[in-house]
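Here is the structure we will look at.
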């Protein structure tokens, strides 16, 4: 193997995605292992020479979020201590991105703490997908590439050949990104009026702003955990006269009970990427997975070859 060959390792949070990315790049996966001790400690070991190499570690930080985040830090540290030239952390789903602000007294800005930890461990670059809040890139002092799943998801939606489509944002906060989906799919846009009272994973959709009667509604969001908001807005859309409801999310996180809720809902199909693969539940019959391995593979190849990756941010 030449010194300039791409060297990709996978953490225990993203084994299948890592395999798919390596297949896209037509390279063998880097050799390494993770050991979990009985008291909960993690131990990572690199099983090949990385001295002077530019390496890429792929690890989503969810289920269990804290274990996978700590494992990512240990991988980064191990590569730097093994004299890797650079370490790029590929984080398909950055779970603590939800903690992007201090909006009440005496709370932590969790995303900033995680950003500091990743940098302190020695990462030289971060590549992620559809961050919950774009400003999180500013928490880092190293380059951050926040890739878009939109082209891949829109490609899958077009294959479904949905008629009289209206894209629906579940709340005003996601309206800007939802407008990108509407533009790409050449459809109209509606917005849900959502209220979240507490810090649990449930919110109430109060109203739908926009015309949805006799249309096929496509609800778009960056992630879902309980499926509650998606199912709630789907019910509201049917009440407002929508002909059918489909949904897409970049990150299908899914906790216990989410599949049953989605199966009972009016949602006909829920598209998601393979950014998360450690859900504690089996995916239901309504779930359709769209792989973003080619997106990450192309980003890795272009970064490695010192080429521009701006083409990956171009909407279809």
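The values are calculated or read from the model by the stated rules, or taken from the named source; none is laboratory data. Only a predicted model underlies this, so the values are computations on that prediction, with no experimental measurement involved. All Cβ positions, even for glycine, are placed from backbone atoms using ideal geometry, and neighbour counts span all protein chains on display.
Set side by side, the residues 142, 136 differ, and just one is in the same structural domain as residue 99 (by TED's automatic domain parsing) and either part of a strand (DSSP E or B) or closer than 23 Å to residue 53 by Cβ (or both), which is 142. Filtering the range 229-251 to residues that are crowded, with 19+ Cβ neighbours inside 10 Å and either out of contact with any strand residue (DSSP E or B) (no Cβ under 9 Å at 6 or more places or on another chain) or in a loop (DSSP other than H, G, I, E, B) (or both) leaves only 242.
Answer yes or no as to whether residue 155 is without any contact (Cβ under 8 Å) to a residue 12 or more places away in the chain and in a helix (DSSP H, G or I).
Working: without any contact (Cβ under 8 Å) to a residue 12 or more places away in the chain: no; in a helix (DSSP H, G or I): yes.
No: the conditions fail for residue 155.
For the range 74-107, a residue qualifies if it is surrounded by fewer than 14 Cβ atoms within 10 Å (Cβ to Cβ), at pLDDT 95 or above and within 23 Å of the chain's Cα centre (by Cα), but none of them does.
Selection over the range 161-174 of residues that are assigned to a helix (DSSP H, G or I) and surrounded by fewer than 19 Cβ atoms within 10 Å (Cβ to Cβ) gives a count of 2.
Can we say residue 278 is surrounded by 15 or more Cβ atoms within 10 Å (Cβ to Cβ) and part of a loop (DSSP other than H, G, I, E, B)? For residue 278, the condition - surrounded by 15 or more Cβ atoms within 10 Å (Cβ to Cβ) and part of a loop (DSSP other than H, G, I, E, B) - is met.
Which is in a helix (DSSP H, G or I), closer than 26 Å to residue 210 by Cα and over 19 Å from the mean Cα position of the chain (by Cα), of 261, 268? Let's see the steps before the verdict.
On the way: 268 fails: in a helix (DSSP H, G or I).
The match here is 261.
Residues of the range 40-66 being in contact with a strand residue (DSSP E or B) (Cβ under 7 Å, 6 or more places away or on another chain) and surrounded by 18 or more Cβ atoms within 10 Å (Cβ to Cβ), which ones? Working first, answer last.
Taking the range 40-66 first, the residues in contact with a strand residue (DSSP E or B) (Cβ under 7 Å, 6 or more places away or on another chain) are 42-47, 50, 53-61.
Correct list: 44, 46, 50, 53, 54, 55, 56, 57, 58, 59, 60, 61.
Filter the range 261-305 for residues that are farther than 19 Å from residue 22 by Cα and without any contact (Cβ under 8 Å) to a residue 24 or more places away in the chain and give the result. Result: 263, 282, 285. Look at (1) touching a strand residue (DSSP E or B) at 6+ places or on another chain (Cβ under 8 Å); (2) in contact (Cβ under 8 Å) with a residue 60 or more places away in the chain; (3) over 23 Å from residue 185 (Cα atoms); (4) not in a helix (DSSP H, G or I) and you find that residue 254 fails only one, number (2).
Here residue 115 clears all of (1) in a helix (DSSP H, G or I); (2) closer than 23 Å to residue 177 by Cα; (3) more than 16 Å from the chain's Cα centre (by Cα) except the condition numbered (2).
Here residue 181 clears all of (1) touching a strand residue (DSSP E or B) at 6+ places or on another chain (Cβ under 7 Å); (2) surrounded by fewer than 16 Cβ atoms within 10 Å (Cβ to Cβ); (3) assigned by TED's automatic domain parsing to the domain that holds residue 206 except the condition numbered (2).
Yes/no matrix, rows are residues, columns are (1) at pLDDT below 95; (2) surrounded by 19 or more Cβ atoms within 10 Å (Cβ to Cβ); (3) touching a strand residue (DSSP E or B) at 6+ places or on another chain (Cβ under 9 Å); (4) in a loop (DSSP other than H, G, I, E, B):
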residue: 146; (1), (2), (3), (4): no, no, yes, no
residue: 159; (1), (2), (3), (4): no, no, no, no
residue: 190; (1), (2), (3), (4): no, yes, yes, no
residue: 193; (1), (2), (3), (4): yes, no, yes, no
residue: 198; (1), (2), (3), (4): yes, no, no, yes
residue: 202; (1), (2), (3), (4): yes, no, no, yes
residue: 219; (1), (2), (3), (4): no, yes, yes, no
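Any idea how many residues of the range 10-32 are touching a strand residue (DSSP E or B) at 6+ places or on another chain (Cβ under 8 Å), outside any helix (DSSP H, G or I) and more than 20 Å from residue 63 (Cβ to Cβ)? Residues flagged as touching a strand residue (DSSP E or B) at 6+ places or on another chain (Cβ under 8 Å), outside any helix (DSSP H, G or I) and more than 20 Å from residue 63 (Cβ to Cβ) within the range 10-32 amount to 5.
Just to be sure, is residue 96 within 21 Å of residue 130 (Cα to Cα) and without any contact (Cβ under 8 Å) to a residue 40 or more places away in the chain? Against the criterion (within 21 Å of residue 130 (Cα to Cα) and without any contact (Cβ under 8 Å) to a residue 40 or more places away in the chain), residue 96 qualifies. Looking across the range 286-316 at every residue that is assigned to a loop (DSSP other than H, G, I, E, B) and in contact with a strand residue (DSSP E or B) (Cβ under 8 Å, 6 or more places away or on another chain), the one that is farthest from residue 244 (Cα to Cα) is identified as 309.
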